[in-house]
1. Could you list, in sequence order, all residues of segment 188-214 that are away from the ligand (no atom under 15 Å from the Cβ) and more than 30 Å from HIS16 (Cβ to Cβ)?
2. Can you tell me which residues in segment 161-182 are free of Cβ contacts under 8 Å to residues at least 60 places away in the same chain and either in a loop (DSSP other than H, G, I, E, B) or touching a Cys at 6+ places or on another chain (Cβ under 8 Å) (or both)?
3. Scan segment 1-30 and report the pairs whose first residue is within 15 Å of LEU59 (Cα to Cα) and whose second residue is aromatic (Phe, Trp, Tyr), with Cβ atoms within less than 7 Å and a gap of 6+ or a chain change.
4. Of the numbered conditions (1) outside any helix (DSSP H, G or I); (2) exposed (fewer than 14 other Cβ atoms within 10 Å of the Cβ), VAL67 fails exactly one; give the number of that condition.
5. Whether any residue in segment 85-102 is away from the ligand (no atom under 11 Å from the Cβ), of a type in the set (D, E, K, R) and assigned by TED's automatic domain parsing to the domain that holds LEU245 is what I want to check.
6. Provide a single number: the residues in segment 121-160 that are outside any helix (DSSP H, G or I) and either within 14 Å of the ligand (Cβ to nearest atom) or not charged (D, E, K, R) (or both).
7. Among the residues that make up segment 237-260, is at least one of them within 25 Å of ASP188 (Cα to Cα), part of a helix (DSSP H, G or I) and among the acidic types (Asp, Glu)?
Amino acid sequence: MAVELLNWSTNLLRDHGIENPRLQAELLLAHSLNLSREGLYGRLHSQIEQREMERFEELIRRRISGVPLQYILGHQEFWSIDLKVDPRVLIPRPETEVLVEQALEVLSEAISWTTAFVLEIGTGSGAVAISLAKEVKDIFLVATDISEEALRVARENARSSGVLHQIGFVNGNLFEPFNLFRNRKPFDLILSNPPYIATSEIGELAREVKDHEPTIALNGGEDGLAFYRAIIAQAPLYLKRGGWLLLEVGQGQAEKVSGLMEKEGDFLAAQSVRDLLGIERVVKAQRR
Ligand SMILES: C[S@@+](CC[C@H](N)C(=O)[O-])C[C@H]1O[C@@H](n2cnc3c(N)ncnc32)[C@H](O)[C@@H]1O
């Protein structure tokens with residue numbers, strides 16, 4: 001019976017140190033039976049076919065080996081949008097919603113008669129760009145990534161979310177694809193959640209992250225700040241006067257990133273914004 005399978009797998013996940021073992025067992029069992037979690041409750045006392053059981057055991061085996069739950073299920077919710085995720089992209093984190101909130105605030109305050117023109121660097125699954133496109137009708141975004149594979153996932157997510165017409169996806173390294181627009185300052189807003197883990201700290205991350213999520217989405221160079229330095233140095237060449245730069249930062253990086261913005265000289269005072277856990281998560285500054 002399904003309920004027995006659920007109890008067995010919950011214990012197994014717990015014994016292997018997996019957090020929230022009951023919830024994860026339910027989600028994996030529902031997935032192998034092609035049911036919603038609610039649908040699973042209606043079948044708890046039904047028999048499970050051999051084929052379904054084998055499928056479930058395989059999912060449990062993968063989870064125990066460290067594959068993140070979201071890669072096994074194939075999706076992750078972000079900003080109430082169901083996004084496809086797989087090992088080609090970083091799994092979007094809830095704290096990145098602070099970046100979306102701040103972007104919406106900046107865009108709502110900007111008085112403009114034209115369509116807002118926004119650049120997101122390092123879009124991954126497309127989570128941030130897609131959320132903004134869904135919230136703001138009069139917006140066009142350019143979303144970049146150095147990983148062509150990640151962009152394929154992002155495009156698919158934009159299509160299934162109905163916002164593909166509002167986002168241009170561009171493959172390239174930071175501002176390189178926009179060299180032609182250097183100094184023309186086309187963007188109202190530039191935002192990014194760049195890789196920010198110091199190279200030496202990657203080995204200390206949870207195995208779900210270090211062994212399964214793309215290293216290119218994590219590695220922020222020797223001190224974790226390489227992308228902030230590069231983005232902050234170049235952003236003024238591409239930002240309109242009065243435009244905003246918004247950067248997600250890792251725990252403990254806000255002060256250094258604010259310092260980099262202020263040292264750059266082209267920005268007004270930098271501000272940092274905390275996430276729900278009270279961690280400074282986004283640093284933002286307006287171009288003079
Ligand atoms: C921390 S992930 C953020 C993904 C997504 N924006 C999110 O918040 O879930 C950083 C992203 O930057 C991309 N990236 C890494 N180096 C880059 C570079 N030099 N230029 C553009 N994108 C880069 C990675 O492929 C990855 O998708």
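1. ASP188, the sole residue that qualifies.
2. If we filter segment 161-182 for residues that are free of Cβ contacts under 8 Å to residues at least 60 places away in the same chain, which is where we start, we get 162-173, 176-177, 179-182.
GLY162, VAL163, GLY172, ASN173, ARG182 - these are the residues of segment 161-182 that are free of Cβ contacts under 8 Å to residues at least 60 places away in the same chain and either in a loop (DSSP other than H, G, I, E, B) or touching a Cys at 6+ places or on another chain (Cβ under 8 Å) (or both).
3. Close Cβ pairs (under 7 Å, with a partner that is aromatic (Phe, Trp, Tyr)) amount to LEU5/PHE56; LEU28/PHE56; LEU29/PHE56.
4. With respect to (1) outside any helix (DSSP H, G or I); (2) exposed (fewer than 14 other Cβ atoms within 10 Å of the Cβ), VAL67 is out only on (2).
5. Scanning segment 85-102 turns up at least one residue that is away from the ligand (no atom under 11 Å from the Cβ), of a type in the set (D, E, K, R) and assigned by TED's automatic domain parsing to the domain that holds LEU245.
6. Looking only at segment 121-160, we keep the residues that are outside any helix (DSSP H, G or I), and these are 121-126, 136-147.
Among the residues that remain, those that are also either within 14 Å of the ligand (Cβ to nearest atom) or not charged (D, E, K, R) (or both) are: 121-126, 136, 139-147.
Final tally of qualifying residues: 16.
7. yes
The values are calculated or read from the model by the stated rules, or taken from the named source; none is laboratory data. This structure is a prediction, so every number in the text was calculated from the model and none was measured. Every residue, glycine as well, gets a Cβ built from its backbone with ideal geometry; the counts of neighbours run over all protein chains shown.
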